[in-house]
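Colleague: Starting off with a structure, shown below.
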Amino acid sequence: MPNRLLKVNAYTTLDLVDATARGHDFADSGVAVLNVTSPRENPDHIKLQLELDNTHLESLPAHADEVTLSPSEARTVADALQSHADKVEAAADNGDDAVE
């Protein structure tokens, strides 16, 4: 990714995920970096970061989106991810095509 804003290394959470940036009159898709971090010293928050590969974006300049979460908020997101992962796996096991 040229002009990368997020550091990508062996510790990056997910370095090639499919992603889409959507606006009112556009949708650009490509690969992205998804990272979860917290400060090394005196950790007081969790940061969720997403950066789409700007070589595939026609409507947006290079950028990274970040959300700062409290431990409680991070656990809520983790629980939601776990619940939806279970739902998608169960549907795949049952051959169900109607997964939302």
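Nothing in this text is a laboratory measurement; each read-out follows from the coordinates by a stated rule. Only a predicted model underlies this, so the values are computations on that prediction, with no experimental measurement involved. Here the Cβ is made from the backbone with ideal geometry for all residues, glycine too, and neighbour counts use every protein chain on show.
Colleague: Which residue, 3, 82, 60, has the largest displacement toward the positive end of the dipole of the chain when charges sit on each Cβ (Lys, Arg +1; Asp, Glu -1)?
Modeller: Positive-end residue among those listed: 3.
Colleague: In addition: Roughly how big is the chain's charge dipole about its Cα centre, with Cβ charges of +1 (Lys, Arg) and -1 (Asp, Glu), in debye to the nearest 20?
Modeller: Working: 7 positive and 19 negative charges, 105 e Å.
It comes to approximately 500 debye.
Colleague: Here is a further query. Based on the Cβ-Cβ distance from residue 13 to residue 92, what FRET efficiency comes out when R0 is 25 Å, to the nearest 0.05? Walk me through the intermediate numbers first.
Modeller: On the way: r = 23 Å, r/R0 = 0.91.
Between residue 13 and residue 92 the formula returns 0.65.
Colleague: Pairs of Cα atoms under 8 Å, at least six residues apart: use those to get the relative contact order of the chain, whole percent. Walk me through the numbers before you get to the answer.
Modeller: Details: 144 pairs, mean separation 20.9, N = 100.
Result for the chain is 21 percent.
Colleague: Once you place label points 7 Å from the Cα toward the Cβ at residue 20 and residue 34, how far apart are they in nm?
Modeller: Computed distance between label sites residue 20 and residue 34 equals 1.5 nm.
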